[in-house]
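The next block holds one structure in the form of C-alpha cells; read it before the comments.
The values are calculated or read from the model by the stated rules, or taken from the named source; none is laboratory data. For clarity, every value in this text was computed on a predicted model and none was experimentally measured. All Cβ positions, even for glycine, are placed from backbone atoms using ideal geometry, and neighbour counts span all protein chains on display. Quick note on the areas: whole protein, heavy atoms, side chains included, nothing else; ligands and nucleic acids left out. Shrake-Rupley method; radii C 1.70, N 1.55, O 1.52, S 1.80 Å.
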Amino acid sequence: MRLPSLESVPIRLRLTIGYVTLVIVTVAVVGVSTLIVLENNLRRSVDEALWLRASRITRELDPGPAGQLDPVSVKAALSSLAPQDEFAEPGIFVQIRDRDGAILASSPNLPPAVFAQAQSSMTSALGGQPDVTSIRVSDFRVRVLAVPIVSAGEVIGVALLGESLHPLDVTFRQIEQILLLASAGITLLALGAGWWLTGRALGPVAAVTRGARHITLTGQFDQRIPSPAAHDELGDLIATFNDMLSRIEMTLRRQREFLADASHELRGPLTVIRGNLDLLVMDLPEDERAECVREAVSEVARMTRLVSDLLFLAEADAQETVAREEVFLDQVVRGAWQRARAVDGDQHEVILERQDAVAVLGDAGRLDQLIWNLVENALRYTPPGGKITLAVHDHGSVAEIVVADTGIGIPPEHLPRIFERFYRVDRARSRAEGSSGLGLAIVKQIAEAHGGQVRVRSEPGKGSIFSIVLPTMRARHQIAT
C-alpha cells in the first residue's frame with residue numbers, strides 16, 4: 001500500500017501535525033531533562049549522605065596498638081553509632097572488612113547479597129582509592145560507597161556503606177507515570193487546539209478559494225473577494241488577488257474592444273477591395289478599371305499599415321519590440337523633420353526649433369516611428385498654413401522630444417483616452433483621413449518600452465503639444481555606477 005505524499009495532505013492537517021509534533025518533542029525534552037536533573041540531584045544527595053556516614057565510622061574506629069582492626073572494637077564502634085539510629089532505618093547498610101577482605105562487623109539489617117557484587121569497589125578501596133557505584137540486588141538497586149581505612153599511612157581495612165535506591169526508583173516511576181499521563185493529555189489538547197486554530201486561521205483562505213473558484217467557473221471577473229477587517233498577510237493576499245482580477249477584467253475588456261475594432265477596421269478595406277474586384281470582371285472603360293485598381297491598391301496599403309500596427313502592438317505586449325543601442329535623438333528628430341517637409345509640400349510651416357545633442361539607449365527604428373507618428377498626426381489635424389514645431393531638449397538625466405502644432409486641438413474630455421487603441425476623437429473624419437486609431441497607442445507603447453512616458457497638452461482650436469520624456473545614457477550610467 002502506497003502512502004500519500006506530504007504535498008497531497010491538506011495544509012490544515014499538515015499544520016496540525018507539525019504543531020502537535022512540536023508540542024510532543026518539547027514535552028519529551030522537558031520531561032527527560034527534568035528526570036535527568038532530578039535523578040542526578042537525588043543521587044548526589046545519597047552520595048553526600050554516604051560520605052558523611054563513612055567519615056563518622058572511620059573516626060570511631062580504633063586500630064589498636066598493633067595497627068590492625070579488632071573485631072570486638074569494630075563492633076563496639078558500630079554499637080556506639082546504633083543508638084543514634086544511624087543504621088537502624090531500613091535500606092541503610094554498613095560492613096567493615098580488614099585488609100584481607102574478612103568481614104569484621106556488619107549492620108544488623110544487612111542482607112547477605114548486598115556487598116557480594118561490590119568486589120571491584122572493595123579492591124579499589126584497598127588500593128587507597130575510594131569508589132562509589134550502583135549495584136542491583138534482587139529487585140532493587142543499592143548505592144555502594146567503599147572507602148579505605150588508613151592507619152599510619154597504610155590501608156588496614158575497608159568500610160563498605162550502602163543505601164537502597166528503592167524509594168528513589170519508586171519515586172521516579174511515579175514521576176514517569178505522571179509525565180506520561182500529562183504528555184498524553186497535552187498531546188490531545190494540542191491536537192484539538194491545533195485543529196481549531198488552523199481552522200480559524202485557514203477559514204478565510206477557504207473563503208477566498210471558494211470565491212476564486214466561483215469567479216473562474218462563472219467567468220464573472222467583475223466580482224471581487226471581500227477583504228477581511230484585519231490588515232494582515234491574508235488581507236495583502238486578497239488585495240493582490242483583487243488587483244489581478246482587475247487587470248484580467250481590463251485585459252478581457254480591451255481584448256473584446258480590440259477584436260471588435262480590428263474586425264470593423266478590416267471590414268471596410270475588404271469591402272472596398274471586393275467591390276472593386278467585382279467591378280474589374282465587368283466590361284468597364286479603361287480609365288474606370290484603372291481607378292478600381294488604384295482604389296484597391298490604396299485599401300491594401302491601408303490594411304498593410306493596420307496589420308503592421310497590430311503586429312507591433314502584439315509584440316509590444318510580449319515585450320519583444322525594443323533593441324538596445326545608443327541612439328542620438330537629435331539625428332532622429334532631424335530625419336523626421338526633413339521627411340515631413342518633403343511629404344507636406346509647403347502646406348504647413350514645419351520648424352526644427354531646437355536640437356540638443358543627447359543620446360538614449362534604445363531602438364532607433366522604433367524611436368523614429370514614435371516621432372513620425374506624432375508628426376504625421378500633427379500634419380493630418382493641422383489646417384493648411386498652420387505651424388508644426390519639433391524640438392529636442394537635454395535636461396541632464398532625461399531628454400524631452402516635443403512635437404507641437406497649431407491644429408484643431410483635442411477636447412478635454414477626450415484627452416484621458418487618446419492613447420487607447422482604436423480610439424478616435426472624430427471617428428468619421430479620422431477614418432476619412434486614413435487614420436487607424438493606433439498611432440498614439442503605438443507612441444505610448446514605444447515610450448514606455450524605453451522607460452519613458454508621453455504627455456499631452458491641448459486646447460480646442462489652438463493646437464496640441466506632445467512631449468516624450470526618456471532617460472538619457474548619462475542617467476543610465478549613473479544608475480549603473
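Taking GluC sites (Glu not before Pro) that fall in a DSSP loop and have at most 14 other Cβ atoms within 10 Å as cut points, what is the longest piece of the chain between them?
Counting only loop sites that pass the neighbour cut-off, the longest clear stretch is 1-319.
With charges set only on the Cβ (+1 for Lys and Arg, -1 for Asp and Glu), what does the dipole of the chain come to about its Cα centre, in debye to the nearest 20?
Using only the charged Cβ atoms, the result is roughly 800 debye.
Starting from the alpha-carbon convex hull of segment 323-474, give the projected area averaged over all orientations, in nm².
Average of the hull's projected areas for segment 323-474 equals 8.3 nm².
Run the accessible area of the chain with a 1.4 Å probe and give the carbon-and-sulfur part as a rounded percent.
In the chain, the share of accessible area belonging to carbon and sulfur is 58 percent.
What share of Cα pairs, in percent, lie more than 18 angstrom apart in segment 185-284?
So the pairs more than 18 Å apart make up 68 percent of the total in segment 185-284.
Could you tell me how far the Cα centroid of segment 97-170 sits from the Cα centroid of segment 19-57, in Å?
Cα centres, segment 19-57 to segment 97-170: 24 Å.
Residues of the chain: accessible area per residue at 1.4 Å, in Å²?
58
Can you tell me which lysines have their Cα less than 30 Å from the Cα of Lys462? Leave out same-chain residues fewer than eight positions away.
Lys387, Lys444
Note the angle between two axes, namely the Cα long axis of helix 364-381 and the longest principal axis of the Cα atoms of the chain, as a number of degrees from 0 to 90, rounded to the nearest 10.
Value to nearest ten degrees: 50.
Averaging sequence separations of C-alpha pairs under 8 Å and six or more residues apart, then dividing by the length of the chain, give the relative contact order as a whole percent.
This gives 9 percent for the chain.
Which residues make up the longest stretch of the chain that has no trypsin sites (Lys or Arg not before Pro) in a DSSP loop with at most 12 other Cβ atoms within 10 Å?
3-323
Looking at Trp337, Ala399, Met282, which one has the Cα that reaches farthest to the positive end of the dipole of segment 281-402 (charges on Cβ: Lys, Arg +1; Asp, Glu -1)?
The one lying farthest along the dipole's positive direction is Ala399.
Whole percent per 20 Å bin, from 0 to the bin with the longest distance: what is P(r) over all C-alpha pairs of the chain?
Values per bin, smallest distances first: 16, 24, 15, 12, 12, 14, 7, 1, 0.
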